[in-house]
Amino acid sequence: MKALTALATRLDNAANPIVVKELRQAVQGRFVSGLLFFFLIVQLLTLGSFVLFSEHVTTNFESGRDAFNFLLGILLGTCIFFLPAYVGLRLAAERSGSNPDLLFVSTLTPRQIIMGKSVASLILVLLIYSTCMPFMAFTYLLRGIDLPSIFILLAMCFLAIAVGLHLAIFAACIPCGRGSRFLNALLTFGALVALFSSTLGAATGMIQSGVGSWINSTEFWAGAVSLVVLAAGAVGLLVILSLAMIMPPSANRIMPLRIYLTAVWLIVAVLAWYWAGQTGDVEFLESWLVGSVILSGAGVLGSVSERDSHGPRLARSIPRNPLLRTGSFLFFTGAASGILWALLVAIVSFLPFWAFAGCLPATVRRPPDPDLLFGAFVFSCYCFAYALTASVIKRAFLRDSVLVPYASTIALLLVVGGSILPVLIGYFINYQSWYGHDFFSYWLLGNPFAVLFSKPEYIRDAAVFAGGWAIVALAVNVPWLLGQVTAFRPAVPLPPAKPPEIVTPAHA
């Protein structure tokens with residue numbers, strides 16, 4: 001009995017206090033209980049009216065499929081729109097200055113906070129699922145759908161709901177003012193709408209094709225594993241981004257994100273090469289390359305707003321071993337480390353296709369598309385050119401300004417200005433050459449997205465322009481980058497303070 005009591009006490013101490021707090025407030029509040037009663041009433045009325053008042057329920061062999069589609073739409077819409085709003089608004093209110101929550105002034109770590117919110121929200125989803133699944137399984141008796149299809153689609157929707165919940169958690173963790181908060185909520189709502197429509201459309205198509213009959217095929221399990229890995233990767237990325245948002249500025253909050261992105265990038269690379277060898281299709285490798293270009297571009301644009309020097313807290317965590325220090329530099333918080341990390345990702349992504357083309361799997365039926373490779377290379381050069389230019393502007397004009405954390409915004413403004421202003425100037429100077437080669441060759445050179453829809457001759461001109469600009473910008477930043485690498489040293493510990501000397505009076 002004492003052993004069981006000790007085990008129960010240990011489990012009670014190991015429980016996340018945020019989970020306990022969130023679930024206690026959820027079951028005591030009216031939102032969750034009202035939501036459960038709503039589901040019960042809607043599903044009872046839907047199935048009851050469908051069975052009692054439908055004239056073709058006994059002759060229509062698709063009645064179960066239609067009823068399941070209706071119930072799935074209600075479940076998915078509620079869990080993707082209302083639950084993320086409930087979780088996100090509560091977290092945003094707790095992070096606001098006017099209503100601080102006790103957990104932000106306690107000894108709880110950011111990891112405990114985010115994981116507690118995550119686990120509590122997923123438990124609420126499972127609670128709603130437990131209410132809906134009996135009614136949705138009942139549609140099997142109405143014919144037109146099988147039980148494997150029902151459970152497969154419910155599992156797929158659960159993955160989409162998990163991504164939506166963590167997207168709302170991440171949006172609530174972003175520190176911003178009232179105006180930015182409204183824009184943040186609007187963008188999050190748009191992302192949730194896109195997630196809902198794509199998931200419901202995919203579920204409807206899978207029902208029509210009878211996904212339950214694919215369960216014994218290799219293609220089904222390959223797609224299922226890919227979907228689970230994709231959803232888990234998205235959830236993990238959103239969790240790490242949320243952690244970075246609520247960690248104190250003096251912490252090394254970029255390191256977990258870069259380590260995670262590097263690990264995912266390498267895992268996807270291995271999977272892409274494996275599937276290219278198994279199927280003989282190079283599209284897997286091309287998709288990985290496009291994702292690598294987006295990763296390196298976003299990485300370098302986001303890194304320019306990071307700090308240029310490390311505080312005492314970060315300096316104490318720098319490894320003293322030279323080998324460990326060299327490897328850890330790329331993952332530490334800092335503008336120089338982020339730029340070099342993104343540059344290394346881009347170089348390693350392009351090398352297998354250009355320098356080592358013979359290393360491609362022998363079963364690949366065709367070589368990679370040269371236009372795709374060239375366009376991706378040019379786009380990557382544009383990202384580095386704009387980001388490195390913003391880095392120069394930050395050090396030259398904003399060294400002691402409050403705008404230093406907004407250097408990434410400056411880079412994005414440069415992208416917008418370089419994409420729009422030359423087009424307007426070119427149109428007003430010579431509008432007759434709007435569709436001519438001169439227009440595409442000169443007035444669109446500042447637009448990095450023009451390589452996606454332009455002619456090959458323009459892409460060659462853009463390669464010369466973007467490549468030359470990126471080389472010049474990198475050369476200007478090289479002394480600063482070398483200085484940052486040299487200054488990456490652990491903090492020298494202060495000598496112990498000497499005890500104060502006791503002076504004895506002379507008359508003693």
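The values are calculated or read from the model by the stated rules, or taken from the named source; none is laboratory data. Predicted model, so just to flag it, every value in this text is computed and none were measured. Glycine also receives a Cβ, built like all others from the backbone with ideal geometry; neighbour counts cover every protein chain displayed.
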Which of the following residues is closer than 30 Å to LEU271 by Cα, touching an Asp or Glu at 6+ places or on another chain (Cβ under 7 Å) and part of a helix (DSSP H, G or I): GLY212, GLY201? GLY212
When you scan the range 130-148, how many residues do you find that are assigned to a helix (DSSP H, G or I) and buried (at least 21 other Cβ atoms within 10 Å of the Cβ)? 4
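Yes/no matrix, rows are residues, columns are (1) surrounded by 15 or more Cβ atoms within 10 Å (Cβ to Cβ); (2) free of Cβ contacts under 8 Å to residues at least 60 places away in the same chain; (3) not basic (Lys, Arg):
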{"residue": "LEU230", "(1), (2), (3)": "no, yes, yes"}
{"residue": "SER250", "(1), (2), (3)": "no, no, yes"}
{"residue": "TRP265", "(1), (2), (3)": "yes, no, yes"}
{"residue": "GLY280", "(1), (2), (3)": "no, no, yes"}
Working only within the range 365-393, note down all residues that are surrounded by fewer than 21 Cβ atoms within 10 Å (Cβ to Cβ) and either outside the structural domain of VAL478 (by TED's automatic domain parsing) or closer than 10 Å to ALA411 by Cβ (or both). ILE393
So which residues in the range 296-329 are part of a helix (DSSP H, G or I) and buried (at least 21 other Cβ atoms within 10 Å of the Cβ), if there are any at all? SER296, GLY297, GLY299, VAL300, LEU301, SER303
Go through (1) surrounded by fewer than 16 Cβ atoms within 10 Å (Cβ to Cβ); (2) within 21 Å of ALA487 (Cα to Cα) one by one and return the number of the condition ILE254 breaks. (1)
So which of LEU271, LEU241 is of a type in the set (A, V, I, L, M, F, W, C) and at pLDDT below 85? LEU271
For TRP275, which of the numbered conditions (1) within 29 Å of LEU413 (Cβ to Cβ); (2) within 25 Å of the chain's Cα centre (by Cα) fails to hold? (1)
Scan of the range 149-194 for residues that are of a type in the set (Val, Ile, Thr), assigned to a helix (DSSP H, G or I) and out of contact with any Lys or Arg (no Cβ under 6 Å at 6 or more places or on another chain), ordered by number: ILE150, ILE152, ILE161, VAL163, THR188, VAL193
Report, by residue number, each residue of the range 113-129 that is surrounded by fewer than 17 Cβ atoms within 10 Å (Cβ to Cβ) and either among the basic types (Lys, Arg) or at pLDDT below 85 (or both). none
